[in-house]
Amino acid sequence: RELHIPEVTYPELAPSAYTVFDFIPEGWVLEKKAEGDLNRDGRDDVAAVLRMRDPANIVANPFLGEERFDTNPRILLVAFMGADGQYKRVLADHALIPRRDIPAMEDHFDSIAIDRGTLRIGMHIFMSAGGWTTSSMSFTFRWSDSAFMLIGYDRDQVARNTGIGEKISIVTDK
């Protein structure tokens, strides 16, 4: 018995567009988006999570978990609104939000938000079999010196068999 996860090729997103929908490649959908000013220029920028919708990435699962296992990947997109009314892509990342590869593990992705000039991505880890620990976590980024810098990480973790928990919060002032 083997779980086969097909390889994917990640598309190059457009460098600019008038709407967030114009960034979405064929075969992908907008899963979630947030709007707000990330680069402190007074204009609303956009952050979005795009998800591939290829039936070939929904595979038969011979193990515990979902019978049909969706392994379609995601891209985190961030684009700044320019003075000309166009969004300029500043980030297209497919590594932060992991692709599903364990059928007994729930999908990691929870949320995306822009709050007080920061970008926050929420995720969790929960195993229906093969793991006792459940975690929720968030990553907070700020635009600085032409790049997104990780300025905060929060994790709440609980061992389901003992109820023992641990909270971690790391913040930098950069």
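Computed values, structure above
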{"quantity": "PHE69 vs. criteria at pLDDT 95 or above, within 23 Å of GLY122 (Cβ to Cβ) and open to solvent by less than 50 Å² (accessible area, probe 1.4 Å)", "calculated": "no"}
{"quantity": "Hits in region 32-43 (condition: touching a strand residue (DSSP E or B) at 6+ places or on another chain (Cβ under 7 Å) and assigned to a loop (DSSP other than H, G, I, E, B))", "calculated": "ASP37, LEU38, ASN39, ARG43"}
{"quantity": "Residue match in region 102-111 (condition: of a type in the set (Val, Ile, Thr), modelled with pLDDT of 95 or more and touching a strand residue (DSSP E or B) at 6+ places or on another chain (Cβ under 9 Å))", "calculated": "no"}
{"quantity": "Test: residue in region 139-148 that is more than 23 Å from ALA47 (Cα to Cα), out of contact with any Lys or Arg (no Cβ under 6 Å at 6 or more places or on another chain) and at pLDDT 95 or above", "calculated": "no"}
{"quantity": "Single unsatisfied condition, LEU77 versus (1) among the hydrophobic types (A, V, I, L, M, F, W, C); (2) surrounded by 15 or more Cβ atoms within 10 Å (Cβ to Cβ); (3) touching a His at 6+ places or on another chain (Cβ under 9 Å)", "calculated": "(3)"}
{"quantity": "Filtered residue count, region 149-170, keeping only those that are hydrophobic (A, V, I, L, M, F, W, C) and at pLDDT below 95", "calculated": "1"}
{"quantity": "Neighbours by Cβ (under 7 Å, 6+ apart or cross-chain): first from region 83-95, assigned to a loop (DSSP other than H, G, I, E, B); second open to solvent by less than 80 Å² (accessible area, probe 1.4 Å) and small (Gly, Ala, Ser)", "calculated": "GLN86/SER16; GLN86/ALA17"}
{"quantity": "Some residue of region 61-74 being closer than 30 Å to GLY117 by Cβ and either touching a strand residue (DSSP E or B) at 6+ places or on another chain (Cβ under 7 Å) or assigned to a loop (DSSP other than H, G, I, E, B) (or both)", "calculated": "yes"}
{"quantity": "Any chance ILE102 is free of Cβ contacts under 8 Å to residues at least 40 places away in the same chain, surrounded by 13 or more Cβ atoms within 10 Å (Cβ to Cβ) and not in a loop (DSSP other than H, G, I, E, B)", "calculated": "no"}
{"quantity": "Criterion (open to solvent by less than 40 Å² (accessible area, probe 1.4 Å), touching a strand residue (DSSP E or B) at 6+ places or on another chain (Cβ under 7 Å) and part of a strand (DSSP E or B)) met by exactly one of VAL29, VAL46", "calculated": "VAL46"}
{"quantity": "Output for region 33-76, where each listed residue is in contact with a Lys or Arg (Cβ under 7 Å, 6 or more places away or on another chain) and closer than 23 Å to SER146 by Cβ", "calculated": "ASP37, VAL46, ALA47, ALA48, VAL49, LEU50"}
{"quantity": "Long-range neighbours under 7 Å by Cβ, at least six apart or interchain, first residue without any contact (Cβ under 8 Å) to a residue 12 or more places away in the chain and farther than 18 Å from TRP143 by Cα within region 18-45, second assigned to a strand (DSSP E or B) and not charged (D, E, K, R)", "calculated": "PHE21/LEU30"}
{"quantity": "Selected residue [open to solvent by less than 30 Å² (accessible area, probe 1.4 Å), of a type in the set (A, V, I, L, M), part of a strand (DSSP E or B) and in contact (Cβ under 8 Å) with a residue 60 or more places away in the chain] from ILE151, ILE112, ILE121", "calculated": "ILE112"}
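The values are calculated or read from the model by the stated rules, or taken from the named source; none is laboratory data. Source: prediction; values computed, not measured. Heads up, the Cβs are rebuilt from the backbone with ideal geometry, glycines too, and the neighbour counts pull from every protein chain shown. In case anyone asks, the SASA skips ligands and DNA or RNA and just uses the protein heavy atoms, side chains included. Shrake-Rupley method; radii C 1.70, N 1.55, O 1.52, S 1.80 Å.
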